[in-house]
Structures are given as C-alpha cells and as structure tokens.
Amino acid sequence: MTAATAAPVRHRTPRATSAIPLNAARLLRIELRRNAMPWILPLIAALFWFDSYRPSTGTAQLYGLRTFWNMGQGHTIIDFGPFVAGVAAWMGSRDGRRGLADLVTVTARPRWAAQLATWAATTIWAVAAYLVFVGVMFAWYAHQSVGGTPPWWWVAVGATAVTAFSAVGFAIGAYWPSRFAAPVAAFIGFLAMALSSQTGFNYTSGWGLILPTNSNGTFDGNAQADSGIFYPWLPDLPIARIIFLAGIAVAALGLTGLPARAGGPWLRRAATVVTLAGVALAGTAVGLADTARLSAHGMVIPALHGAANDEPIAYTPACGRAAGMPVCLNPAYRRWLPDVTAALAPALAEVAGLPGAPVHAIQVAAAYPSGGSGPPQVITLGGHPPVLRLSLGQLDMPGPCGFCGGPIATELFTEQLRLAFAHAFVGMGNGSGSPVQQAVQAALLRGAGIPFAAQPRLLAAAKNGPGAAAGPATGPVYAAARGLATLPAAAGHAWLAAHLAALRAGRLTLKELP
Amino acid sequence: MTTAGLHRPVPEGAPPPVAGTRRDRAATGWRLARLYLVSRRVPMALALLAGLGVLLWAALHWHWNIAGGAAARQFIPLTIQTGAAAVIAVTTYGPFGEPERAAGRWLPWLRLGAAVALTAVAFGALAAGAVAGGMPGGTLALLRNLGGMAGIGLLSAAVLGGAFGWTGPMAYLLITEGALAHGSTTPWVWPARPPHDRGGAICACLVLAAGLVLITVRGPRESGRDSGPAS
C-alpha cells in the first residue's frame, strides 16, 4: 500500500476539445481570406443595381410595388444565385483540380469537415453580400420615403436561396473537379431560375407556390400595395420556401460527405442521414405549399399560420378635407392626399346635404381577389352615418408606374376616383347598374367636371383597361342624363333627395327621371 | 539494372540536328496543337457544346417556353447560347503560366485558332439544335448572338482570367433579359434587336473582334502574373 501512496500522481492529459473550435475558426478564417467570392461581388453588385434596383425605382413609393420585381419575382435571387453557384463550384473543385485530393484526405481532419469550411466561407461571403446589397437598397428606399414596411421575410428567403445555390454549386464542384464545373453550375442555376419562372407563372396555387420566383398570391393581385401597410406581410409562404431551400442546401452538403474519401464510416453514415433529412425537409415544404390558400391578406398555410399576423398594423391617419368632409388616408399614402381630396371635392360638393351623402372618407386595405365576383370596388359607401371607404391600393396612384405604359397622370387618377365615387353613390355595387343608375352616374360625373363625350372612354378603360375601344355618348341613358344635367342645381338636388333610396334599390326607370 | 531506354548524349562539337522536313514540321505543329487543345480541355468543351446543342433541340422541340413577352420567349435559347459562350471562354484557361509563355512562340496563334474554331463548332452545334424549329430570330440571330457573347466571354477571360471568363456572358444574359423586359433597343444589347438589324450585328462583331484580339495578343489573365479570382 505504501508503494501506491508513494507513486507520483498522474495528471490526466486535458482533452483537445477546446482546440477543435479554435482550429475550425482558423481554418474558416483562412478560407475566407483565400476565397474567390469577393472577386465576383463587384460584378454582382453592378447586376444587382441594373436588374433589381433600377427597375424598381420606376414604381410608386410603396414597398409592395417597389419590391414586386426584385423580391416578388425573385430577381435578387436571379442576380445572385447562378454566380454564387459558379464560384462555389470553383471552390468545391479546388482540391480535385489541383490534384491535392489524396494529400488532403490523409490529414488529421476529415475531408468532409475541411470541405464544409470551404463551403461555409464561400456562403458567408455570398450571404453577407446579399444582405448588404438588399440593406443598402432598402435604406435608399427609406431615404426616398417609400411607404409601408419592407418584406423582411422575403429577404430571408433570398438569403436562404443564396445558401442553397452555394451548396448545390459546391457539391457539383466537389463531384466534378473540372474547370467547367463553375460555368456548368452557373448555367444550371440560370436554367433552374428559368424553369422556376415558367412554372411559377402558371401556378396560382398548389406546389408551384414553393418556387422562389413565383409571385402569385403574395405580390400579385390588387392588394399588392397594401401588404406591410395595413396588415403585415404574411410569413407563411416565405417560411415554407425557407424550409424548401434549406432542405436543398442540407441535402447537397450531405452528398459531399458520401464518397469514401470524405471520412470514416460514422461520418459517411452521418452524411447519409443529413442528405435524407434535407430531402425530407424539401419534401415537407412542398407539401406545406400545396395546402396554401389565398386569404384577403395573402397566402395562408394553416400549419404555419399565426393569428398574430392577422392583426392590422396600427397607424395614425393623415387627414385632409374635400368639400368640407374629412378624408383620412394611411400615412403611407400621405403624399397622395392632395390628389385624393382634389379628385373627390367636386363630386362630394354635388351630393352635399343629401340624406345618403357621406360624412367621412377613410382609406381601407385593398383585399386580395378571392375569386367569384371579379375585382372588389375601389370605393364603397355604407354605414350610419354613411362613410366612404377608399381602397386606393387597387388604383395606380399618380406618378411613376413601373408596370404600366408610362407614368400615371393626375387627370387620369382624378377621373377614375370620381367614376368610382359616382358608381358607389348610385348603388351600382360590383355590376354595371340599371339604366337609371347609369344615367344618374353620368350626370354626377358631368357635374364633377367630366363631360359626357369623355365618359365612354373612361368607362371602357375602367372595365377593360387603358386604351379600350369606346363608343359615342349617345343612346337613351345619355339622353336621360343630359335631361337631368340641364335641371337647375337645386331641382336636381331635390330630385336626388327624394329618389335616392329608390335609385339605389334599382326601382326606378328612365321614364321616371325628370 | 539495364541501360535500355537511355540515350547517348550528343557529343560536344557535334553539329546541331538538321531542321526537319516539311512533313516533320507538320507533325510537330500537329503535336503542338493537339497538346495545346488537350491542355485547354477542348475535348470536354466539345462534349459540352454538343450537349448544349441537344438541349436547344429539346427546348425547341418540346416548347420549353416561358409565358410572357419577348424576354420570356427568348430566355431559354439565350441561356443556352450563353452557356456555349461560357464554355468557349473557360477553354482559354491554362495552368502553365510563365513557362508556356516563355517557350511557346506559337501560343497567340493557338489561342486565336482555338477560340475561332470553338466558336464555329458552337455555332454548328446550336444551329443543328435549332433544326427543331421555332428558334427566335432564326439562324442569323443565333450567329450574331453567339458571336457577340463569345466575344464577351473572351474579353472577360482577358480581364478576370480564363477560369472566370464565364461570368461575362452570364452577366450579359441578365442585362439582355432586363433590356428585353423593359423595351430597351440599344444595339449593344443585340439579342433585343431584329435578326437583320445592322447596328446589332456591328456591335456583336466589334465585341467578338475585340475579344479575339485581346485573347490573341494578351491571353487570359493568369493568377501567377496578375492577382485575380483564379488564384
């Protein structure tokens, strides 16, 4: 026993676990410094400016419109993805191209781990650049006082897409160590984006919604301008796309760990599990997208939907007056308040004092089309006391209009708003109304400054779009309208006061007009 | 241990080897060209160009069109032409650097010959693929677009290095799509112009000529000589 006590104490050698993260960090730092991605970033920055930012500046200053092209139709991903895939393929093929595969296989660190460090460095550069470029673009939008809130979830989708492109490109390079791996990976990236666009345009529901360039149900429809203004951008579909793209990235990275030289048996089994997990993730996301349905505020996926996202965004309205009546808009639309009040003033002055005349005008959120009865009305009138509800998100606001033939003139906006008001005031609803309602609408429009001769063009444009063919302002409706318009203002006012309820109910005929 | 395979050294003072006959020179030239083409992975490039031709044929035959305007209709054929230009650009990459430049007197001519020949082969492969019908702009537009894009690829190889020469045609594809989508008509975006447009053809020819001259005279950027992404 004495010998045992006399024996020197043997200290256990500390495990080198603390050195592993340090070594990994050093390896990552080296890979970051030796990466090819920074060399391509100036080119991507130029393309980003040309293809993602520049076209967006031609749209109205609302986030839903500004980001329709670059986020909704995925042009930020198209600008980044294929180039990132190409450079990642170049980095992934590095050891093989240089004939170093055997040399690095026998190092202490598994080859898969070293490859992951190279991939991580490439991806860090790419994702960081993506976030910086998008951040600068949004900062510039903010400088231009673009209304609403940015679609941050779609930024996350873009960053995940860049990660997925990087992983797929890296896997191509790792499996095919050739100088042609980079252009082939970039080419595959472009083709994937092309097919995504081709399929995405045709799919307004179902699995096709998972495609990163599909804007259906998210940035499309009449309400594209009001996401992030009246209600939050719904995160349901972005979350599904993030899961899908992350699944692709995980599966591609798992594939790089499958070859015999990647590591030991346990590591390769882990790579197999990772690959299968990635495939399962992507498949789950496709299944989730298949359950998506269009709601008033965008695409809802029941399994991912949070009730908190249905809460409207609180705001302090920006108010003005038209013919003495308060008109209140969302502050995101503040810049157009003078246009709206100027457009409504003559029309409101005509009906002032009538029993069914509005006492207040407020802006309401434009709803996504829910199918069935066509697009919802731009202006509705209802309540006690009557309130005018303006769904301005359905209109092209005055000024730049990126996806129209040219800028929207204030006169055109004014005419459209007056037509929508007269349409709502006579109670036409979503239809074209009775002949009497059409005649009274025509008389109201003339009183608001739109001559009869100009009205057929305005009506045709409202129905079939700008430039639609229009006939002359003739026929019994316009004859009756001319008769009503020739009455003294007081007489016309008195007739409307007496017959407004019957007019709205559609109980009058043209012969009953004065 | 044997002496088999050893060559007797040329004794000092012996006359230099007599210049070869015309046949010998031709054999040497052919060997030089073959080695150059192999070092540039031209066989793989030919295989890829043939694959792109088949892909174009499939896209036209099965109408893989994107719904929409001119930009959408031309996207897949233009992407395939871009792929061909990218392959041509990447073949300029050489791994030897300074020793090759120092020893290879014929190197500029080899670079020129390879670029011209590959462009011609790419046109042939894509024209064969376009036999399926429905190629936007027809063969003339294909020749103009491919030639101009190959020029861009050669220019970007001269600037960024052969390994990254593919980025030029790919970037040009995005610019072209943006121009088509927004109705731009500058001749520098020649795919957006009609097939018989003189301005577009002149611009494409100028770019191709500039690319060929630069790649012939200067060659692609090399990592050993210049700092760049191909290091």
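Just a few scattered comments:
- The overall shape of the stretch B:37-97, judged from the alpha-carbon gyration tensor, is oblate: a/c is not under 1.5, and a/b is no greater than b/c.
- Nearest-ten-degree value, helix B:198-217 long axis tilted from longest Cα axis of chain B: 20 degrees
- Karplus (6.51, -1.76, 1.60) ³J(HN,Hα), θ = phi - 60°, over the stretch B:86-103, in Hz, Gly and Pro reported as x: 5, 4, 4, 5, 5, 5, 6, 5, x, x, 8, x, 4, x, 5, 5, 6, 9
- By average C-beta atoms within 10 angstrom, highest first, the peptides B:183-196, A:56-69: A:56-69, B:183-196
- For the residues of A:37-47, the average number of beta carbons from a partner chain within 10 Å of their own beta carbon is 3.
- Share, in percent, of DSSP beta bridges within chain A that are antiparallel, nearest 5: 60 percent
- Inter-chain Cβ neighbour average for residues B:168-181, partner chain, 10 Å: 5
- 5 angstrom amide H check on A:Leu388, placed H, neighbours 5+ away: A:Val359, A:His360, A:Ala361, A:Ile362
- Amide H partners (placed H, <5 Å) of A:Gly147, local residues excluded: A:Leu62, A:Tyr63
- Degrees, to the nearest 10: B:42-61 long Cα axis against longest axis of chain B: 20 degrees
- Reported to the nearest whole Å, the Cα centre-to-centre distance from the stretch A:96-110 to the stretch A:274-340 is 51.
- Sum of side-chain charges, A:Tyr53 neighbourhood, beta-carbon under 11 Å (Lys, Arg +1; Asp, Glu -1): 0
- The label point for A:Ala142 and the one for A:Thr474, both projected 7 Å from the Cα toward the Cβ, are 6.1 nm apart.
- Using the average count of surrounding beta-carbon atoms within 10 Å as a protection proxy, the listed peptides A:271-284, A:144-157 rank, highest first, as A:144-157, A:271-284.
- Average partner coverage of A:181-193, which counts Cβ from other chains inside 10 Å: 6
- Gyration tensor (alpha-carbon) shape descriptor, the stretch A:20-310, a/c threshold 1.5: prolate
- In sequence order, calculated HN-Hα J values of the stretch A:113-122 (Karplus, 6.51, -1.76, 1.60; Hz; x Gly/Pro): 5, 5, 5, 5, 5, 4, 4, 4, 5, 4
- In terms of packing, defined here as the mean over residues of other Cβ atoms within 10 angstrom, the peptides B:169-178, B:132-141, B:116-125 line up highest first as B:169-178, B:116-125, B:132-141.
- Net charge of Cβ neighbours under 11 Å - reference B:Thr28; Lys, Arg +1; Asp, Glu -1: +4
- Other residues whose C-beta falls under 14 angstrom from the C-beta of A:Val359 contribute a net charge of +2, scoring Lys and Arg +1 and Asp and Glu -1.
- Amide H to amide H distances under 5 Å link A:Ile408 with A:Gly399, A:Cys401, where only residues 5 or more positions off or on other chains count and H is placed in the peptide plane.
- Phi-based couplings in Hz for the stretch B:179-194 (Karplus 6.51, -1.76, 1.60; Gly and Pro marked x): 5, 5, 5, 10, x, 6, 10, 5, x, 5, 9, 5, x, 7, 9, x
- Secondary-structure-derived ellipticity at 222 nm for chain B, considering helices only, amounts to -21500 deg cm²/dmol, per-run term -39500 (n - 2.57) for DSSP H runs with n ≥ 4.
No lab work stands behind these numbers, since they all come straight from the coordinates. It should be emphasised that the depicted structure is a prediction, and the values quoted were computed from it without experimental measurement. Quick reminder, even Gly has a Cβ in these numbers, built from the backbone with ideal geometry, and neighbours come from all protein chains shown.
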